[in-house]
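All remarks here apply to the structure that follows.
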Amino acid sequence: MEDLKQKTIRGGFARLGAQGATLALRVGSLMILARLLGPQDFGLVGMVTAFTGVLYLFRDFGLSAAAVQRTTITEDQSSTLFWINVAVGICLGAVGVAAAPAVAIFYHEPRLVAVTMALSLAFVFNALGVQHSALLQRELRFTAMAMINVMSLVVGTVLAIAGAMAGYGYWSLVALTVSQPLVATVGFWISTGWVPGIPRSLSGIRSMMHFGGTLTLNGLVAYAGYNSEKVLIGRFWGADAIGIYGRAYQLINIPTDNLNSAVGEVAFSALSRVKDNPSRFKSYFLKGYALVLGLTLPLTFACALFANDLILTLLGSKWEAAIPIFRLLAPTIAIFAIINPLGWLLNSLGLVGRSLRIAFVCAPIIILGYVAGIPYGPKGVAFGYSAVMTLWMFPHIAWCVYGTGITVKDIFLAVSRPLLSSVIGGGLAFGLQSLCLNHLSRLPRLAIENAVLFAVYLFVLLFVTGQKSLYVDLFRGWRAASTVPVGS
């Protein structure tokens, strides 16, 4: 069990390091591409990805998560799952190609036929590497996974920037999307060295398909809730509007996407191993939860308070219309930091049915928020989205933790410390900006105001709210784990 703790901490730090690199790459590439391409280029690809994103939810039918969640899995089962994934990937690619004309007709944009067909290749590339990725995750080889994911993003980013500079416009974004799963799959095959055999046995597959199918349906319902606004904006307000909204949405989601992905993969694997030990399970979950909150909540305040400087620095002056949308979406950073990790809790305990029921209630509420805001354009949609998510957060927490051994009190205690620290840090930084920083140019002002916010935040979090012991323990665990030779 101590070996599991060391692997978890080592894997967590490896994933956080990789996600730090990924964050820098994503922001850097967005800064460059936003200056090389226009809102319409991003909007055209965004229109298609709103559709292909639905198909992407079926990319492995949840079988990779099922393989990780099981205590044991045989070679024959892994091979059978691999071939199921390949078949699913080919079918999804075919559906994407067949649906391309309908996508173009829906948006009244004939260029989307070729774009949709090209993006459909990603389903096949992804399917070929799903079980190899699950094998690495089962073995807690997160360092290898981190290196592969970073390399795939580097290759995709280089291709996209080169294509944009050569004048290929939105096709450079298509190259970015398609190349990443191809490079990642090659890396997974090389890293595992596993060659799947022919499918010989269906023993145990049915239960995994039930688990995975429920996860997939859950993801489909959640996707409809969280992404319907892009379809509505694209349909009623056009490519430029969805391009502007999409960049604000992408920037606002980078922190939570990166951190939840980094800690989530490690947490799900570790929690699945200790789900039969309630005290250790609770300890693992709350430490991982506190880490995500501690890293994410101050970003909410930075985005809300300094939206003007952030957007104009990162994207440039032609994206000024994204500033109010970005600010209105800022509360969702905190909300998703609070509720997303509850998915680790439910899935690792096998409570995917409850997760699905929650999604069926949540999605219609969110869509109603979009519909109420759509007459007012992207800003109205952003306001509606944040408003309904804020109202939904409290019942969501209570429903998720019921009967799991984690209490609502545990959640609010974990949230209160970084939230208080963020309020104090954000208030002081904003006051300093208002009093004496407005005469500075944009970049140094942004650097100073964020430095003040995060410095005050860290001081209050570590020394006032008593979180120093948590981070010292994690650091010591990483130091101990890093001295143990591993094969990852």
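Overview of values
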item	result
Single match in ILE325, ILE333 (criterion: in a helix (DSSP H, G or I) and more than 25 Å from ALA398 (Cα to Cα))	ILE325
Criterion (touching a helix residue (DSSP H, G or I) at 6+ places or on another chain (Cβ under 6 Å), on the phi < 0 side of the Ramachandran plot and at pLDDT 80 or above) met by exactly one of ASN277, ASN308, ASN258	ASN308
Failed criterion for PRO395 (all others in (1) free of Cβ contacts under 8 Å to residues at least 12 places away in the same chain; (2) buried (at least 17 other Cβ atoms within 10 Å of the Cβ) hold)	(2)
Residue selected from the stretch 353-365 under the condition under 21 Å from the mean Cα position of the chain (by Cα) and of a type outside the set (S, T, N, Q), by the criterion nearest to GLY213 (Cα to Cα)	LEU356
Boolean, TYR376 is of a type in the set (Phe, Trp, Tyr) and surrounded by fewer than 18 Cβ atoms within 10 Å (Cβ to Cβ)	yes
Pairs where the first residue, in the stretch 439-465, is farther than 18 Å from LEU312 by Cα and free of Cβ contacts under 8 Å to residues at least 24 places away in the same chain and the second is basic (Lys, Arg) and assigned to a helix (DSSP H, G or I), C-beta under 6 Å, 6+ apart	LEU462/LYS468
From ALA166, ALA184, ALA175, residue being within 26 Å of ALA24 (Cα to Cα), surrounded by fewer than 18 Cβ atoms within 10 Å (Cβ to Cβ) and without any contact (Cβ under 8 Å) to a residue 60 or more places away in the chain	ALA166
Out of GLY316, GLY350, sole residue that is surrounded by fewer than 22 Cβ atoms within 10 Å (Cβ to Cβ), within 30 Å of MET208 (Cα to Cα) and at pLDDT below 85	GLY350
Criterion violated by GLY96 - all others in (1) at pLDDT below 90; (2) farther than 30 Å from GLY234 by Cα satisfied	(2)
The one condition in (1) buried (at least 22 other Cβ atoms within 10 Å of the Cβ); (2) farther than 21 Å from TYR289 by Cα that PHE301 fails to fulfil	(2)
Failed item, numbered, when THR332 is tested on (1) modelled with pLDDT of 90 or more; (2) surrounded by 21 or more Cβ atoms within 10 Å (Cβ to Cβ); (3) under 29 Å from VAL456 (Cβ atoms)	(1)
Residue pairs meeting the criteria (Cβ under 8 Å; at least 6 apart or on separate chains; first of a type outside the set (A, V, I, L, M, F, W, C), in the stretch 22-42; second outside any helix (DSSP H, G or I))	ARG35/LEU315; ARG35/GLY316; ASP41/GLY169
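The values are calculated or read from the model by the stated rules, or taken from the named source; none is laboratory data. Source: prediction; values computed, not measured. Cβ coordinates were reconstructed from backbone atoms using ideal geometry, including for glycine residues, and neighbour counts include every protein chain displayed.
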